[in-house]
Amino acid sequence: MPIHDNDRHAVVLEIGRAYTKCGFVGENEPRVIIPSKLEGTKKREGIYLHEYSTKKELHSNLVKFLHHIFFKYLLVNHRERRIVIVESLLCPTEFREVLANVLYVHFEVPSVLFVPSHLVTLYTLGISTALVIDIGHEETTMIPVCEGTPLIHAWQAQPLGNKAIQERLESLLLLRAKVQGNGGQKIDLVDVMPKLSRAVLEDIVVRTCFVTTLPRARQLVAARTHEDGPSPPVPPPTILYPLSGNNNLTLDGSVREESAEVLFETDNEMVSLASMVLDAILASPIDFRVPLAENLVIIGGGCMLPGLKFRLLAEIKDLQQHPKYSSRIALKALKVHRPPAKSNYTAWLGGAILGATEAIATRSYAREVYMQTNRVPDWNNLADNTKEVDSRAG
Amino acid sequence: MTHLFKSEKVQYLCTCGSLKPLCRTYFCRHCLALKCGECVFHEVDILYCSNCLENVPPGEARVKKNQCSECFECPVCDQLLLTRATNIQIPSAEDPSKLVPKKMFYLVCGFCRWTTREAGLPDQPSATGSWPDSDNVNSARVGALLEHYRSLAQLDKFEKEQKRQLKRRSNYLSFTADKYSLSALAARKRSGLPFAGSLGMKKETPQIYKVEPAVASEETDDALDPDIFTKVLTLSSVTTIDQRIRQPERQPVKSEDLIPIHKFLSVRRSQRCRFCEHNLSKPEYNPSSIKFKIHLGAFYHVPDVIIYRLARDDMQLRLCNRSQYPTHVRLLSLDQFALIAHSKIEELERSCGEAEKEKKSASSMVGHELCESPATQAANLKTCLRNAFKEKVNVVLQLPNEPILLPARDDLAEYELTAPQNLKEDPKAVLWRKGNKVVISTPLTVIDDELEDKRTGFVFEFGAVRAGFETKEVQPQPTNVYIPVFISLGKI
């Protein structure tokens, strides 16, 4: 029963902070995209995989979660499938180790191939140099890839993702929103519920929020900071959002427009999505700066908010004129790629393409080796990341 | 039925160290040990559609992406879609001026009233199978990329192989040349190699499948529609995230773009012991059958305990034997168990040493030999002992000293009115018995009053017959099995 038999396609898994993408190598899209959490019961809400307190808890959660994936969605025997894990280079070592342990020891998979998400994203484009911008739930990470090598020293990561937008939305709602009951009377939201659940916030962001244009955003800031400044732009119309029972939330147009502004606000340290892009380009070798700026790849579920990519380009162009960057960087143009996939599974698709090649046989880490060494190689471990080891492996 | 027996109060200690109610565990009759759902191997047995109960072979399931081709689910609310028929009038083929009725079909959700007409899909002339599938618009591009990277990987592998061959040969040559001062030509002749070119070159260099690299553009695909600032958003026209990710390749944003979703296939699993790889549970192949070919649920092999009566200082337990063999049960306190286990482990290890003399290593053993080897048994007892003493207990029970006979399950005995009275038993310990059920008295003493929730534990010692012995002519010889049981008593 050879495992590289064509009948037994390897499984590709990308366990994100919010959603997990899983499917088989060589396919165009994941079979399913499911929330990265254990299903809740009547008594308690589901637990997200990344929200764990001890390693033991994570271990048991991962066992349950992967069992669910293998037998409910993929319907395969895990002992005869190679696994490709698409993970960020900045994935916590603890999570990675527990995941490897669960796969090798509990599920006894024959081999696992860990691939860096930023790098494999380029496999969906057929290019070898690009700045990969991954806007996820928890954070946004950027790693420039030059001629097929991720430049780790130029990485950028900030907690600017969907979670930040949801938090901003919650605080804006609690500040301004009213709840309209059956009789038409309006009560402040704070008095009805002091906290909104993650599911409700996510739903509001996904269905109603958008990223506004740069001129409108500037106008908003000016109106807020100067008392006698220009008046704010006319907000989009207010809509009613059904909350529970007869209660409707009055969803102000300004709230819908301003929630995503958290990604572009520059605080004292001048950190926003735009500054991260320029910083990542500046940290790269000088000859690669122009090619990187002309090969931006924006992936991750976060970038699917309407208007985000458009705004990001406008912000970067604007920020280039800032004295902090104008003297150090001269970019001709900013260009964005359109991968042949929806943004939230672009990295997964890269893993699925890589996993369909010969590389899965030659580069996977076999179970026998893991059982002897009890560890998986990692770039940040000097035992794996030295020249001698590289030449031997090659 | 499981729900009836799924009491969280009485829990059995599984071999892996977790506590489970009896009906949630398996009993491996080869290892004679409890196995819970997390310490057995699960295997996919058959794939079937849970709606039409059609058995789908694995090859077909792979092609269809684990989806049933006939059954559909509502894209809005996940409920099953129903097929509705309707009559329309169409011009007849013979005489275009006349109208003839024709049956057409559409799908409707019985729960949220969504219909395929809402999605703009025309009614279909046949009830099933003709609904449009969602095709990935990018499949041609992804296919080309796949081909490109496959050929690259092939080339990479080829070059590596060549390098290895060249290296090996050059090493060999330099060695011979140095030692015997032969010219390279002579060395080649001697070793029978061709004069020029290398062996590897005979194989053709793989061709790289060229693919156009993607071109970036200065325009993004998500510029906002100016309408967004002025038009009132209708919430119901926008899909939720759950509706979007159910169709990963399309992820429609507008409700009108939703299309019916093929129902996902379900799977029937069989379970295997992690240690000896024997089947613990195997369902029948027919999806509509609820029977098992093999079913080693612990419920049918291990005596069951429930709390019969509970007071401040008295407790009665009901034991029930559902296996087909009568068995003698002894309840041991944890300390008694420790004594017995230690002496057993010693004995087993002694015989283990003898077995080693016969040069039988563990790796060469399979199946029965592995399960029955003294080394395995000793190891099992050790882990059981270690796990049992990890549990916290604050109540001790006064357990009956004598072994108690539990008759085998006999469905007819249910109808017999009189209990067999010829057993010599301590009437203080055994309160009553009927058929395969016995109620025993176990007075309790609280030893630690710190925690409000009280917990006690004891160890079952009972005889079980190892699988594979029933068929032999000799009387099956039961082996003693030890299973720790913990009971949560709550506040008493």
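Throughout, read-outs are computed from the coordinates displayed, never taken from laboratory work. Here the structure is a predicted model, which means the values were calculated and not measured. Cβ sites come from the backbone with ideal geometry, for glycine too, and all protein chains shown count toward neighbours.
Of the listed pairs A:Lys21/B:Lys254; B:Lys35/B:Lys392; B:Lys344/B:Lys382, which have alpha-carbon separations greater than 20 Å here? Violating the 20 Å Cα-Cα cut-off are A:Lys21/B:Lys254; B:Lys35/B:Lys392.
Relative to the globular-protein estimate of 2.2 N^0.38 Å, the Cα radius of gyration of segment A:154-260 stands at 1.18. Other residues whose C-beta falls under 10 angstrom from the C-beta of B:Pro326 contribute a net charge of 0, scoring Lys and Arg +1 and Asp and Glu -1. When peptides A:159-166, B:283-290, B:92-99 are ranked by their average number of other Cβ atoms within 10 Å per residue, the highest-first order is A:159-166, B:283-290, B:92-99. Relative protection proxy for B:217-224, A:325-332, from highest mean packing down: B:217-224, A:325-332 (other beta-carbon atoms within 10 angstrom).
Across chain A, C-alpha contacts under 8 Å between residues 6 or more apart give a mean separation that, scaled by the residue count, equals a relative contact order of 20 percent.
I want to verify a result. In a Gaussian network model of chain A, Cα cutoff 10 Å, which of these has the top mean-square fluctuation: A:Pro110, A:Pro377, A:Pro323? Result: A:Pro323 has the largest fluctuation of those listed.
Extension gain, B:Ser488 to B:Leu82, is 141.4 nm, computed as 0.36 nm per intervening residue step minus the present C-alpha separation.
At 0.36 nm per residue, and after removing the present C-alpha to C-alpha distance, how many nm does the segment from B:Asp449 to B:Thr479 gain when stretched out fully?
Here the answer is 7.0 nm.
Segment A:329-354 and segment A:183-252 have their alpha-carbon centroids 32 Å apart.
Here the calculated FRET efficiency for B:Lys6 and B:Lys293, from their Cβ-Cβ distance with R0 = 41 Å, stands at 0.95, rounded to the nearest 0.05.
Take each residue in A:346-359, count the other chain C-beta atoms within 10 Å of its C-beta, and the mean is 4. Under the membrane-span-like helix rule (DSSP H runs whose alpha carbons stretch at least 27 Å along the helix axis, mean Kyte-Doolittle hydropathy -0.5 or higher), chain B yields B:334-357.
Using only the alpha-carbon atoms, how far is helix A:55-68 inclined from the longest principal axis of chain A? Give it as 0 to 90 degrees, nearest 10. Once rounded, the angle reads 80 degrees.
For B:Tyr285 and A:Met270, FRET efficiency with R0 = 60 Å and r from the beta-carbon atoms, rounded to 0.05?
0.35
The angle separating the long axis of helix A:308-320 from the principal Cα axis of greatest extent in chain A is about 80 degrees. Which residues in segment A:189-213 have a backbone N closer than 18 Å to a point placed 7 Å from the Cα of A:Lys72 along the Cα-to-Cβ line? Residues A:199 fall inside that zone.
Looking only at A:Pro144, A:Pro340, A:Pro291, which one moves most when chain A is put into a Gaussian network model with springs between Cα atoms under 10 Å? Ranking A:Pro144, A:Pro340, A:Pro291 by mean-square fluctuation puts A:Pro340 first.
Model label sites at B:Glu204 and B:Ala467, defined 7 Å from Cα along the beta-carbon direction, differ in position by 5.3 nm.
Here B:Asp411 and A:Arg363 are evaluated by their C-beta separation; at R0 = 45 Å the FRET efficiency comes out at 0.15.
Answer rounded, prolate or oblate for segment B:238-366, using the Cα gyration tensor with square roots of eigenvalues a ≥ b ≥ c: rounded when a/c is under 1.5, else prolate when a/b is larger than b/c, else oblate. Prolate, since a/c reaches 1.5 and a/b exceeds b/c.
Among the residues of A:22-32, the average count of other protein chain beta-carbon atoms within 10 Å of the residue beta-carbon is 5.
Using the count of nearby Cβ atoms within 10 Å as a rough guide to exposure, how do A:Arg8, B:Arg164 rank from fewest to most?
Working: A:Arg8 18, B:Arg164 11.
In increasing order of surrounding Cβ atoms, one gets B:Arg164, A:Arg8.
The mean number of Cβ atoms from other chains found within 10 Å of a Cβ in peptide B:233-239 is 4, as a whole number.
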